[in-house]
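Here the structure is laid out as structure tokens; the discussion comes afterwards.
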Amino acid sequence: MTWRSFDEPDPPALAMVEVSSIAAGMHVTDVMLKAAEVKLVLSRSICSGKFMVLVAGEQAEVEASLDAGLETAAETAIDHVRIDNVHPDVYPALSSTNAVKNRAAVGIVESFSVASLIEAIDAVAKEAEVEMCQCRLAMALGGKAYLVFTGDVEAVRYAIDAGASVVEERGLLVNKVVIPDPRPELFETFI
């Protein structure tokens with residue numbers, strides 16, 4: 001079982017460091033966990049030979065952990081993000097644990113960076129009433145990441161603009177798509 005517990009509320013802040021070296025990534029993970037009282041959300045190698053570390057906790061603890069991780073990562077750091085006041089839908093999106101109910105429209109945001117996509121997930125969740133459907137973080141994607149979410153057409157349009165603008169500001173947007181009235185078979189591909 002992971003750190004997530006039904007008896008424990010989701011942490012209010014999260015941070016992620018993406019590095020170009022697997023060995024450095026393992027070292028960064030250890031340093032981030034020792035630097036502050038944070039919970040490890042993800043620590044793994046990703047395409048194409050990179051590594052990502054995602055931690056969560058109280059804002060000051062996450063900030064301290066991220067600072068230590070970036071200092072240790074040094075020149076191997078590719079990207080990073082810290083989000084305070086994380087929307088509660090971000091954590092289930094990261095683990096793709098949401099059951100989809102509203103299938104009126106599908107929104108997809110695709111990024112060249114894991115860190116920018118995590119930031120986009122938070123923006124999407126805060127912008128409109130949507131349901132997170134699937135999130136893939138650089139596994140068998142050549143280092144890219146994407147988010148799939150559903151909701152009413154107008155909500156999906158607002159949310160996709162919010163999420164895509166976060167990624168686009170960093171120059172890392174691959175694509176964004178809104179699919180109104182998707183065929184039911186499309187949802188089978190998300191499993």
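The values are calculated or read from the model by the stated rules, or taken from the named source; none is laboratory data. Being a predicted model, the structure only gives us computed values, none of them experimental. Every residue, glycine among them, receives a Cβ derived from its backbone with ideal geometry; neighbour counts consider all protein chains shown.
Numbers for the structure displayed
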| read-out | value |
| --- | --- |
| Pick from region 144-177, criterion out of contact with any helix residue (DSSP H, G or I) (no Cβ under 8 Å at 6 or more places or on another chain) and part of a loop (DSSP other than H, G, I, E, B), ranking: nearest to Val106 (Cα to Cα) | Asp152 |
| Top-ranked residue in region 133-191 [being under 15 Å from Ile121 (Cα atoms) and of a type in the set (Phe, Trp, Tyr); ranked as surrounded by the most Cβ atoms within 10 Å (Cβ to Cβ)] | Phe149 |
| Only one of Leu94, Leu70 that is modelled with pLDDT under 95 and within 26 Å of Ser21 (Cα to Cα) | Leu94 |
| Condition check for Glu129: without any contact (Cβ under 8 Å) to a residue 40 or more places away in the chain, more than 27 Å from Val53 (Cβ to Cβ), not in a helix (DSSP H, G or I) and not aliphatic (A, V, I, L, M) | yes |
| Region 100-124: number of residues that are charged (D, E, K, R), out of contact with any helix residue (DSSP H, G or I) (no Cβ under 7 Å at 6 or more places or on another chain) and assigned to a loop (DSSP other than H, G, I, E, B) | 1 |
| Out of Gly151, Gly142, Gly171, Gly107, sole residue that is within 28 Å of Ser45 (Cβ to Cβ) and in contact (Cβ under 8 Å) with a residue 40 or more places away in the chain | Gly142 |
| Restricting region 92-123 to residues that are surrounded by 19 or more Cβ atoms within 10 Å (Cβ to Cβ) and of a type in the set (Ser, Thr, Tyr), the residue that is nearest to the chain's Cα centre (by Cα) | Ser116 |
| Per-region count, region 44-78, residues touching a Phe, Trp or Tyr at 6+ places or on another chain (Cβ under 9 Å), of a type in the set (Gly, Ala, Ser) and crowded, with 18+ Cβ neighbours inside 10 Å | 1 |
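Let's see how each residue does on (1) touching a strand residue (DSSP E or B) at 6+ places or on another chain (Cβ under 9 Å); (2) at pLDDT 95 or above:
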{"residue": "Ala115", "(1), (2)": "yes, no"}
{"residue": "Gln134", "(1), (2)": "yes, no"}
{"residue": "Tyr146", "(1), (2)": "yes, no"}
{"residue": "Thr150", "(1), (2)": "yes, no"}
{"residue": "Arg157", "(1), (2)": "yes, yes"}
{"residue": "Ile160", "(1), (2)": "yes, yes"}
{"residue": "Arg170", "(1), (2)": "yes, no"}
{"residue": "Lys176", "(1), (2)": "yes, yes"}
{"residue": "Glu185", "(1), (2)": "no, no"}
